[in-house]
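The values are calculated or read from the model by the stated rules, or taken from the named source; none is laboratory data. Predicted model, so just to flag it, every value in this text is computed and none were measured. Backbone-built Cβ (ideal geometry, glycine too); neighbour counts: all protein chains shown.
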Amino acid sequence: MQGDAPPGSTRDAVATAMTRWLREELERLCLRVLMRAFTRLRNGAAGGRARARDDRLYRRFVADLARGGLIDELTRAPAWARLLGARLERTIAATRLFLARWERDRDALARAFPELLRARALEFDVGLSDPHAGGRAVIRVLAPSGAALYYKPRPLSGERLLAPLLEGLHAALGEAPPVTPRSLERDDYAWVAHVTHRPLDTGAAWRAYHRRAGALLLALYVAGVTDAHADNLIAHGEHPVLIDAECALHPALCGALAGDADDDTVARAGLLPRWARDERGRWYSQAGLSDPRPFEPRRGRWELAARNTDAMRLRRGYARGNSGANAPWREGHAPSERDRRDAVLTGFLHAYRAWQATPSLARALVARASDHRGRFVARPTAAYVAVQELLTRPRGPGDDAPLTAARRALLRPFAAAPLGARRLAERLVASELRQLLAGDIPLFHADARGDAAFGADGAVIPGLVEGGAAALERRLARLGDEDLQRQLAVLHDAFAPAPR
């Protein structure tokens, strides 16, 4: 069965969406460099003074860029020039790859998702994740009916590991099976159905949701899943649905690079509230069980004021960080922190006891872990974005300042490590820089029973990590009353009131 949308219209829709996103992305990468050049021109011609209703200098600037000024700016900032070229080239390649996969899978997609593929016209929303491994990012396919499908350019290995664990845990608890998104998986990518946000209206329903969230927390803790933040959790009625489990059995940096902190607690999953300040000093929490809406967590970005005029300037703008689809209540109707905490505690406690009473769950998880390969997150995306900004600095006379500054920033967390560990860190940083200069956010994977990290640039770094299977075995060995009390204490403290 073929989908009804003609191939030509699909290609046109994807090209339109990709062009729009690429224009925004190139503008983001170009803003600071080109504004420095425009400011130099304005300072020389008008002493830095300009009026918003004039555009004579702006038009002169655009004309100068067209006559060779852009080449001059690219020469002043070679790392930036390389980044721009790579982002453009890899985005085009990733788009072609998506279209090839779409055409190859049309029949299978029409069988798996008939409500979507019957549509005559489809919309495509691109760039919904960080670009990895050659500009590949999540793409949403949207039908006029509202049905949606996500293209994920990665295997669902984490989801395959976690789903049977959740199903077995719910069965042991005597509860209905968890909600799992429909999917069609290929070797190194997948198509996944959209999970709708369905907020609830009653206290009893909220409590049921949070009890299930407690059981989910137990599964994430045992399976070593991280990154369960607000963008990766959907409140689907009484069911908390984790839509991204690629960080299951998450490896740790080798001991000499990891430091002394023991963070193998329920807090590591990212589900429990964890407060931090944004760059303006405002408190927010992006955890899966936080409601980000009242705190307006916003992501800083550079944008233009008085655009396309002589008074054009850079200013810091802030975008909403999350839609609130992880919250099971409507905005402004949240239950108390105490009620939420108590329900999560109850759900976690019951799930912990059910796990202890069902040893087959542990045996099955260990067996599935044997051949698992998952993502290794070396550092937060925000750190990579900051390094990308360093790479857009113009080069000083006779030096390679942007690359030097970027390398120094990436190595800084490992400054106190022993010499052998620092050499491992240098290999990690070299791979990170190659991927950043190729226009990607660095991506690494590791085998659960290995110690090597595999970079998307082809780098292999033996000895960098401890595979997640070793931590899993230690975690399973310590499960008991002492560990339970420790985890309950961490959970209890996480629901403290928001800082002021």
Exception for residue 192 within (1) hydrophobic (A, V, I, L, M, F, W, C); (2) in contact with a strand residue (DSSP E or B) (Cβ under 9 Å, 6 or more places away or on another chain); (3) free of Cβ contacts under 8 Å to residues at least 40 places away in the same chain falls at (3)
Those residues of the range 200-224 that are in a loop (DSSP other than H, G, I, E, B) and within 28 Å of residue 480 (Cα to Cα) come to a total of 2
Restricting attention to the range 312-359, the residues that are surrounded by fewer than 18 Cβ atoms within 10 Å (Cβ to Cβ), of a type in the set (A, V, I, L, M) and over 19 Å from residue 238 (Cβ atoms) number exactly 3
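Given the criterion buried (at least 16 other Cβ atoms within 10 Å of the Cβ), at pLDDT below 95 and not in a helix (DSSP H, G or I), identify the matching residue among 417, 421, 406. Before you say what the answer is, go through the steps one by one.
Numbers: 421 fails: not in a helix (DSSP H, G or I); 406 fails: not in a helix (DSSP H, G or I).
Exactly one of 417, 421, 406 is buried (at least 16 other Cβ atoms within 10 Å of the Cβ), at pLDDT below 95 and not in a helix (DSSP H, G or I), namely 417.
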For the range 61-90, pairs from a residue that is closer than 13 Å to residue 41 by Cβ to a residue that is of a type outside the set (Ser, Thr, Tyr), with Cβ under 7 Å and 6 or more apart or across chains, are 61/38; 61/41; 73/33; 73/34; 73/37
Scanning the range 149-174 for residues that are free of Cβ contacts under 8 Å to residues at least 40 places away in the same chain and over 17 Å from the mean Cα position of the chain (by Cα), the one nearest to residue 102 (Cα to Cα) turns out to be 163
Of the conditions (1) closer than 25 Å to residue 442 by Cα; (2) modelled with pLDDT of 95 or more; (3) of a type outside the set (A, V, I, L, M, F, W, C); (4) in contact with a helix residue (DSSP H, G or I) (Cβ under 9 Å, 6 or more places away or on another chain), the single one that residue 135 does not satisfy is (2)
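Can you say whether residue 195 is part of a loop (DSSP other than H, G, I, E, B) and surrounded by 20 or more Cβ atoms within 10 Å (Cβ to Cβ), as far as the supplied structure shows?
Numbers: part of a loop (DSSP other than H, G, I, E, B): yes; surrounded by 20 or more Cβ atoms within 10 Å (Cβ to Cβ): yes.
Judged against the criteria, residue 195 is a match.
Going through 227, 188, 130 one at a time, which residue ends up being closer than 27 Å to residue 377 by Cβ, in contact with a Gly (Cβ under 7 Å, 6 or more places away or on another chain) and assigned to a loop (DSSP other than H, G, I, E, B)?
Working: 188 fails: in contact with a Gly (Cβ under 7 Å, 6 or more places away or on another chain); 130 fails: in contact with a Gly (Cβ under 7 Å, 6 or more places away or on another chain).
Matching residue, one of 227, 188, 130: 227.
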The helices (runs of 4 or more DSSP H) lying entirely within the range 24-118 that contain at least 2 residues which are surrounded by fewer than 16 Cβ atoms within 10 Å (Cβ to Cβ), modelled with pLDDT of 90 or more and acidic (Asp, Glu) are 78-112
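Just for strands (runs of 3 or more DSSP E) wholly inside the range 233-314: which have at least 2 residues that are modelled with pLDDT under 90 and over 18 Å from the mean Cα position of the chain (by Cα)?
Details: elements: 233-236, 239-242, 298-305.
Once the strands (runs of 3 or more DSSP E) in the range 233-314 are filtered for at least 2 residues that are modelled with pLDDT under 90 and over 18 Å from the mean Cα position of the chain (by Cα), what remains is 298-305.
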What about residue 168, is it under 23 Å from residue 90 (Cα atoms), small (Gly, Ala, Ser) and touching a helix residue (DSSP H, G or I) at 6+ places or on another chain (Cβ under 6 Å)?
-> no
(1) within 30 Å of residue 359 (Cα to Cα); (2) outside any helix (DSSP H, G or I); (3) modelled with pLDDT under 95 all hold for residue 451 apart from (3)
Among (1) buried (at least 20 other Cβ atoms within 10 Å of the Cβ); (2) farther than 30 Å from residue 22 by Cβ, residue 439 falls short only on (2)
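Tell me whether the range 335-346 contains one or more residues that are among the hydrophobic types (A, V, I, L, M, F, W, C), at pLDDT below 85 and not assigned by TED's automatic domain parsing to the domain that holds residue 26. Spell out the reasoning first.
To start, the set of residues in the range 335-346 that are among the hydrophobic types (A, V, I, L, M, F, W, C) comprises 343-345.
When the remaining residues are screened for being at pLDDT below 85, the result is none.
No, that holds for no residue.
For the range 105-150, what are the residues that are hydroxyl-bearing (Ser, Thr, Tyr) and over 15 Å from residue 195 (Cβ atoms)? Before the answer, list the steps.
Taking the range 105-150 first, the residues hydroxyl-bearing (Ser, Thr, Tyr) are 129, 145, 150.
Passing the criteria: 129, 145.
Among the residues of the range 369-383, write down those that are surrounded by fewer than 19 Cβ atoms within 10 Å (Cβ to Cβ) and not acidic (Asp, Glu).
First, pick out the residues of the range 369-383 that are surrounded by fewer than 19 Cβ atoms within 10 Å (Cβ to Cβ): 370-371, 373, 377, 379-383.
Selection gives 370, 373, 377, 379, 380, 381, 382, 383.
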